[in-house]
Amino acid sequence: MVMTVDDDSAVLRAIARDLRRQYGDRYRIVTAASGDQAIESLKTLRLGSEPVALLLADQRMPGLTGVEFLELGLDQYPDTKRVLLTAYADTDAAIRAINDADIDYYLLKPWDPPEERLYPVLDDLLDDWQATHDPVFAGIRVIGHQWSALSHDLRDFLARNQVPYQWKDIERGPDAVELVELAGVRSPKYPVVILADGEVMEAPSTAEVAARSGLKSAPKSSFYDVVVVGAGPAGLAASVYAASEGLGTVVVEAKAPGGQAGMSSRIENYLGFPSGVSGAELARRAVTQAKRFGVEFLTADEATQLAVQDGYIATVLNGGTQLISHSVVLATGVSYRRLEATGVQELTGSGVYYGSSMTETAAVKGEDIFIVGGANSAAQAAVFFSAYAKSVTLLVRGTSLSESMSQYLIDRIESTENIRVRVGAQVQAVNGIGRLESLTLVGRDSNETETVPAAAMFIFIGAVPPTDWLDDTILLDERGFILTGNDVARDQRLRGRWRISRDPLALETSVPGVFAAGDVRHGSGKHVAAAVGEGSKAIMSIWEYREYAGI
């Protein structure tokens, strides 16, 4: 951006005209009628992270003179080139400004013809600026406290949705304090979020940030062939296969694409990736593929109810919006079971985390951390964090890793020097004021307790299906997983519900046209490859359903 400042409107229009003619294809030209107005504009530009290449100011202005404005502009943009526009009578003042105020150049009025008396000077200055300019971050900036649960949740949401953002710790960076002051926020409620356009939000919800960052949008249609609830591997696979075969498809995702798999640092046993692939990368590729086929994504939206209306299925979202469709695929995955230990709830997000939370790598650098769990996801997290932490201790309730962990991960753990495994160990309490400081461990058999220092704890225990919202609409097993196919056909509760002559199709639930795939389904494989397979199989069954229903 190039800014020119002059209180004479005719001169301001003339210089802006000449600047746009020569530089308008490369720079945005901004004008201001006074030094004070220009200073306010610079503050707004800085909040929006817009770089300023050149400031061109007239010397004789009421209020701030040109020199005074350029000196103040130096505080906001120290690398910006600064030029004084002055009359012949003021050349002595201009020369003093070059010597005393580090102004780069002065130009005399009038500057006609600009090809000889304006552009050559500005070309050199702009070339110099481009040669040394370090592009500033132009995305979302999150300012908060390292151990704030709200800050953690927002950063984790942005990272998992692959939205570029910059984190600034208010307690460790003077520029963070300066940004908050620049935003004009008094008694700020953290986290403070500065959007790319300079808009400031205090302690916003993830849904509010999603709406302002382009993640969350209103449905483009009121009717779809297929509504997919959940964007884990099963939901993403279902959406890709549905849309690629011409079915109008929308995906509703409450948090972020990838599900639990999306939080995995490295998946090494997924077909086609001999060196492994991170869950985030796999999710990114799948979302890109789905969008290529025309799949619509509603992120930070949550399904709250299913209802059958006149042969159609209504998926009701948390804001009351209804998505009407012929078919629904329930692919909500599972959540990690809550750890029952004293202090966990109070310190969740402040040193205690569910899942990998890769946004916390900086916080665990050189620290002693703990991973709770004995399955593959816990092992993958231990290997990932071992590259950052001083030590990683894997707390396993069982008697050995082989009970629930793949051998390739056991081998990886055993070969990593700073990973320690403690079997038969449980967390009795987490301790700390405002953040996790230590753990109280207890032996499963001995009942002996021990308190150990801990900077962070990551929890990977059990699986809980998020199916409470289905109420009595869909038949579930005793643990809350969705019954499908032969399993639901054998359930005595299906009598009186199933009013059509055929049996439920593969992956079809107790409601005709509603299918389930992935970890949320009773009897699923609980692996990424199995979830992907079920997602695609659900679409095959949907085609059968459409044929039976005459759609």
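The values are calculated or read from the model by the stated rules, or taken from the named source; none is laboratory data. On a predicted model such as this, the values are computed, not experimentally measured, just so you know. Note that each Cβ is placed from the backbone with ideal geometry, even for glycine, and that neighbours are counted across all protein chains shown. For the accessible areas, the whole protein counts, side chains as well, though only heavy atoms, and no ligand, DNA or RNA atoms are used. Shrake-Rupley method; radii C 1.70, N 1.55, O 1.52, S 1.80 Å.
Out of all DSSP beta bridges with both ends in segment 280-431, state the antiparallel percent to the nearest 5.
Close to 45 percent.
For the chain, with the dipole built from +1 on Lys and Arg beta-carbon atoms and -1 on Asp and Glu ones, taken about the Cα centre, which of His133, Val185, Ala93 lies farthest toward the positive end?
Result: Val185, furthest along the dipole toward the positive end.
Please list the non-local residues whose amide H lies under 5 Å from the amide H of Leu394, H modeled 1.01 Å from N, same-chain partners needing a gap of 5 or more.
Ile371, Arg420, Val421, Arg422
Averaging sequence separations of C-alpha pairs under 8 Å and six or more residues apart, then dividing by the length of segment 279-398, give the relative contact order as a whole percent. Intermediate results must be reported in sequence, preceding the final value.
Working: 104 pairs, mean separation 16.4, N = 120.
14 percent.
Go through (i) 98, 65, 44; (ii) 77, 56, 46; (iii) 77, 74, 62 and flag the label whose value is the computed Cα extents along the principal axes in Å for this structure.
Of the labelled values, this structure produces (i).
Of all alpha-carbon pairs in segment 91-204, indicate the percentage at a distance above 22 angstrom.
Details: 3462 of 6441 pairs.
The share of Cα pairs beyond 22 Å in segment 91-204 comes to 54 percent.
Given Cα pairs under 8 Å that are at least 6 residues apart, what percent is the relative contact order of segment 424-551?
14 percent
Let's see if you can work this out: charge +1 on each Lys and Arg Cβ, -1 on each Asp and Glu Cβ, no other charges. What is the dipole magnitude of segment 253-296 about its Cα centre, in debye to the nearest 20? Can you show the working numbers first?
Numbers: 6 positive and 4 negative charges, 21 e Å.
Here segment 253-296 has a charge dipole of around 100 debye.
Quick one: net charge around Ile410, please, counting Lys, Arg +1 and Asp, Glu -1 for every other residue with C-beta under 13 Å from its C-beta.
Values: positive: Arg412; negative: Glu268, Glu403, Asp411, Glu414.
Combined, the nearby Lys, Arg, Asp and Glu give -3.
Quick check: pseudo-label points 7 Å beyond the Cα along Cα→Cβ at Ser205 and Ser415, how many nm apart are they?
Each label point is offset 7 Å from its Cα along the Cβ direction, giving 4.7 nm.
Give the residue list of trypsin sites (Lys or Arg not before Pro) in segment 31-89 that are DSSP loop and have at most 16 other beta-carbon atoms within 10 angstrom. Please report the intermediate quantities before stating the final value.
Working: sites: Lys43, Arg46, Arg60, Lys81, Arg82; in loops: Arg60.
Taking segment 31-89 and a limit of 16 other Cβ atoms within 10 Å, the loop trypsin sites (Lys or Arg not before Pro) found are Arg60.
Calculate I(q)/I(0) for segment 1-61 by the Debye formula, one identical point scatterer on each C-alpha and no solvent, and give its log10 at q = 0.12, 0.17, 0.26 Å⁻¹ to two decimals.
-0.26, -0.53, -1.12
Given Leu56, Gly333, Gly279, which one lies farthest toward the positive end of the charge dipole of the chain, if we put +1 on the Cβ of every Lys and Arg and -1 on the Cβ of every Asp and Glu?
Gly333
Which FRET efficiency, nearest 0.05, do Phe137 and Asn486 yield, Cβ-Cβ r, R0 41 Å?
0.15
On the protein heavy atoms, probe 1.4 angstrom, tell me the percent of accessible surface of segment 339-476 carried by carbon and sulfur.
In segment 339-476, the share of accessible area belonging to carbon and sulfur is 45 percent.
Using DSSP to call loops (not H, G, I, E or B), can you name the trypsin sites (Lys or Arg not before Pro) in segment 120-229 whose Cβ has at most 12 other Cβ atoms within 10 angstrom?
Working: sites: Arg141, Arg155, Arg160, Lys168, Arg172, Arg186, Lys189, Arg212, Lys216, Lys220; in loops: Arg172, Arg186, Lys189, Lys216, Lys220.
Of the trypsin sites (Lys or Arg not before Pro), the ones in loops of segment 120-229 whose Cβ has at most 12 other Cβ atoms within 10 Å are Arg172, Arg186, Lys189, Lys220.
Quick one: compute the contact order of the chain, relative version, from alpha carbon pairs under 8 angstrom and 6+ residues apart, as a percent.
Reported relative contact order: 11 percent.
Give the whole-number value, in cubic angstrom per residue, of the convex hull volume spanned by the C-alpha atoms of segment 312-428.
Residue-normalised Cα hull volume stands at 160 Å³.
For Val308 and Ser501, calculate 0.36 nm times their separation in residues minus their Cα-Cα distance, and state this gained length in nm to one decimal. All intermediate terms of the calculation are to be shown ahead of the outcome.
On the way: separation 193, 0.36 × 193 = 69.48 nm, distance 1.81 nm.
Length difference between fully extended and current span is 67.7 nm.
Counting only protein heavy atoms, what percent of the accessible surface of segment 35-184 is carbon or sulfur at a 1.4 Å probe?
50 percent
Can you work out ³J(HN,Hα) from phi for every residue in segment 275-284, in order, using Karplus 6.51 cos²θ - 1.76 cosθ + 1.60 and θ = phi - 60°, giving whole Hz and x for Gly and Pro?
Running phi through 6.51 cos²θ - 1.76 cosθ + 1.60 with θ = phi - 60° gives 9, x, 8, 6, x, 5, 5, 4, 5, 4 Hz.
Angle check, please: helix 119-132 long axis (alpha carbons) against the longest principal axis of the chain (alpha carbons), in degrees 0 to 90, nearest 10.
40 degrees
Which FRET efficiency value, to the nearest 0.05, do you get for Val316 and Thr361 by plugging their Cβ-Cβ distance into 1/(1 + (r/R0)^6) with R0 = 56 Å?
For Val316 and Thr361, the calculated efficiency is 0.90.
Roughly how many Å² is the accessible area per residue of the chain, as a whole number, for a 1.4 Å probe?
Details: 25280 Å² over 551 residues.
The answer is 46 Å² per residue.
Could you tell me which of Leu409, Trp147, Val452 has its Cα farthest along the dipole of the chain towards the positive end, charges placed at Cβ (Lys, Arg +1; Asp, Glu -1), taken about the Cα centre?
Towards the positive end, the residue furthest out is Leu409.
For Glu115 and Asp7 in the same chain, what is the full-extension length gain: residue separation times 0.36 nm, less their Cα-Cα distance, in nm?
36.5 nm
Rounded to the nearest 0.05, what FRET efficiency do Glu437 and Asp197 give with R0 = 60 Å and r taken as the Cβ-Cβ distance? Could you check?
In this case the efficiency is close to 0.90.
Taking 0.36 nm per residue of sequence separation and subtracting the Cα-Cα distance, how much length would be gained by fully extending the chain between Tyr548 and Arg17, in nm to one decimal?
184.3 nm
Can you check what the net charge comes to around Lys390, using other residues whose Cβ is under 14 Å from the Cβ of Lys390 (Lys, Arg +1; Asp, Glu -1)?
Every neighbour counted, the sum reads -1.
Enter the mean projected area of the convex hull around the alpha-carbon atoms of segment 1-120, in nm², rounded to one decimal.
Result: 6.9 nm².
Is there a pair in Lys255/Lys291; Lys216/Lys291; Lys291/Lys365 whose C-alpha atoms are over 25 Å apart, and which pairs would that be?
From Lys255/Lys291; Lys216/Lys291; Lys291/Lys365, over 25 Å: Lys291/Lys365.
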